[in-house]
Every structure is written in C-alpha cells, then in structure tokens.
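Heads up, the thing below is written out as structure tokens.
Rule-based calculations on the coordinates, nothing more; no lab input. Predicted model only: the values in this text are computed from it and were never measured. Don't worry about glycine lacking a Cβ; one is built from the backbone with ideal geometry, like all the others, and counts go over all protein chains shown.
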Ligand SMILES: CCCCCCCCCCC/C=C/C(=O)SCCNC(=O)CCNC(=O)[C@H](O)C(C)(C)COP(=O)(O)OP(=O)(O)OC[C@H]1O[C@@H](n2cnc3c(N)ncnc32)[C@H](O)[C@@H]1OP(=O)(O)O
C-alpha cells in the first residue's frame, strides 16, 4: 500500500511540475507583444491574489522585484542585515534589476502572472515531448544524440548547487529520458563541479514557514530519489568535477560512474546538522562496509576519485585532460549495444532491491524532515550564509 501511495504521489508531483514549467515559455511569448498598460498591471496584481498554487520562492522573488521596480523604480532602501534572510533575499532581487525601466518591469510582471495563471489552468495537460524539450528546462541542458540522452546540470557559477526547481526539472528530464528512444541516459555537470549538492539557500525561509517547507522538502526529496530507484534504462554519471552531498549519495543508484581524477566525493551531513539521504544509509555500508561508510556519512571524510573507485562507488577514473573524450567514446560504443538487452539486464540487477530502497528512501526523507527543523541544521546553514556574506 505504501508503495502504491508513493507512486501516486510521484505521478501527481510530476504533473504539478510540468505545469509550473510552462512559465518561461509564456514569458518568452508575451515579451514580443506590446508593452503592458497600467490597467493590465493592476489586473495582474489582482490576479496574483487569486492564485491557488504557491509558485515557489524563486518566482515569488521575481514577482516582488518587478512589482517594486514597476511602482517605485530602482531599489531605494538600505540593504537589510545578513541575518534578516527574507528581507535580504527580497532586497537582492529588487536591487539586481538595477535601472530597468518601470515600463519593462511592469510588462515582465504581467508576463509572469499570465504565465502562472495559464499554467495553473492547464495543470492536467501533458505537453508534447518536443515542446517540453525546447521550452521546459531553465536549469538543465538536455540533449539527445547517438542513442544517448544527456542531462547536464547548468548552474556553473553556483557549482551546480541543486535548487528546488532543479530537483523538479531533473525529475521531468528523467521521465522524458525513460520514454525516449535513447539507449543510455547520462547525468553530468557544466563547468568545474559535478554538483555542490543541495543549494543551501533552499533553507532561506521565515520561521513560521519552516514546518510546512520541511514537509514539502521531504516529499520532494523522496520523489526525486524515487525517480532514480525506478529509472528503467542504464543510467550513467559522468562526474566531471567535485561532488558534494546528495550528488554523491545518489551515485550508488547509477549503473556506471565515470569520474575525472579532479573529482572529489564529500558528504558533510553532520557538519550541516543533517543525515544521509538517497538510500546511502543502506547502500554505502553494503557497498564499502560500515566502517568506511561511517567515515564518509557520519564524519564527512572527503574522498579522492581514486579512493571512491577503490570503495566501489566509482566505476573508473580518467585523467581530467582526456576525460570527456575517453568517456564519450566509450559511451557511444555502449549505446550501439542491443537496447532491450541492456534495459532488461539493468532491471534484473536492480529489481531485487527496489521495494527495500523505496522504504529506506521514505524513512531517510522523514528523518531529514525533522532534522531541517533542528537548531543544529539552522545554525549550520546560517554559518554557510554568513561566510558567503564575508562577515
Ligand atoms: C526547509 C527545507 C527545504 C529543503 C528542501 C531540500 C530538498 C532536498 C534536500 C536533499 C538533501 C541534500 C543534502 C546535501 O546535498 S548536503 C550538501 C550541501 N552542500 C554543501 O554543503 C556545499 C556548500 N558549498 C560549499 O561548501 C562551497 O561553495 C564549495 C566547496 C562547493 C565551493 O567552494 P568555492 O570556494 O570553490 O566556491 P564558492 O563557495 O565561492 O561558490 C561559488 C558560488 O556558488 C555558491 N554555492 C556553491 N555551492 C552552494 C550550495 N550548495 N548552496 C548554495 N550556494 C552554493 C556559493 O555560495 C557562491 O555563490 P556567490 O558567488 O553568490 O557567493
């Protein structure tokens, strides 16, 4: 029963995500239209009050910033202190608009609201595959050629830290890849990092929102990891650089992990007042033994690529200078193997543990939901954010 409920929740979540991803397409389309009048703007402001679905923090910040710019012009208030997280995020968003003309801000606001309203109207519609590929992803680059679908994390200036939008887009991309005609699916990162793990600004929320956001965060995490547990085709991680947190623990759910010798593997959960996820509390001890797993998951020891390979987490390490060439040559050759045989063999290897992994995933997500509300976790996030502000 729990498994069935889990699958239903996952299905619902993907539909909800799909609808929210229509925002950028709408935004782009109406940008070509005539500028918005004051009346359009006021009606968009009223429409926002009727919106049923929370559009998420990133969109809310954009809306706030464009509203302020449209009504007051460039940011004109003193920067809030670093511990005033919410007001600082709002100030940053407004200030980032610089001297954007009021008319453009008004138009952007109207476009954003119109995208949100139409997406919530059509929440049960599934967009056609090609359409989603072109318009859907803001944080990923998804390409398909030579029998390989590549999903590339694309926030290189933030070390590919995973925002909530990114978790959702990765789930959509995996869903699309599971149904396309490619043989192999690859996850990799753009820039110097594979990924620095969960984006710690996901925790920038007001105390009265914390309980609800932690509850939703746990569902997001469970669904995200669930997509990897259930992924039906050979899944390959091309670890182009350092990996942190969930971008390390999730690797045990891949079928091949190729790493550059520049990559490192770091799971600083205790330092963050958090606990392991992505089934690693089970997969890591069974892969490398409890003592080595404890060193990583409890004490946060950072491994080199060679060490991770010796512990069975990485399949093979390549010199960074030839990494891309060697890995893609190898993958192109593999992608020519009979597709169904690859898929069936993968399922034979993975199916034994699927139900167990879903149960572990649910339990780890539940424990993290509590952890995120702890002082230990909040203090650790605060430390990271204050360091960022160069205090
Ligand atoms: C209420 C709860 C809701 C939660 C919902 C979440 C749902 C799923 C949760 C899954 C659980 C996952 C857990 C984890 O992954 S734990 C690991 C988290 N990651 C980290 O602790 C890494 C933090 N980052 C760093 O330590 C360093 O940035 C790093 C070593 C990666 C790189 O250092 P370096 O000095 O080379 O570069 P910068 O620090 O200057 O980084 C450049 C910019 O990128 C920003 N950055 C990088 N990583 C992150 C990150 N993980 N979160 C937020 N921001 C990140 C960094 O701040 C710099 O930005 P600025 O240029 O703007 O300063």
Label-point separation, residue 352 to residue 261 (7 Å along Cα→Cβ), nm
3.4
Calculate the FRET efficiency for residue 321 and residue 344 from the Cβ-Cβ distance with a Förster distance of 51 Å, rounded to the nearest 0.05.
0.90
Quote the relative contact order of region 205-339 in percent (integer), defining contacts as alpha-carbon pairs under 8 Å separated by 6+ residues.
23
Region 270-349 and region 242-257: distance between their alpha carbon centers, rounded to Å:
6
Under a plain spin-label model, where a point goes 7 Å from the Cα along Cα-to-Cβ, how far apart in nm are residue 383 and residue 328?
4.1
Using the basic label-point model (7 angstrom from Cα toward the beta carbon), what is the residue 310 to residue 291 distance in nanometres?
1.3
Stretched fully, the stretch from residue 141 through residue 38 gains (0.36 nm per residue minus C-alpha distance, one decimal, in nm) 33.4 nm
Can you give the FRET efficiency to the nearest 0.05 for residue 192 and residue 366, using r as the Cβ-Cβ distance and R₀ = 51 Å?
0.90
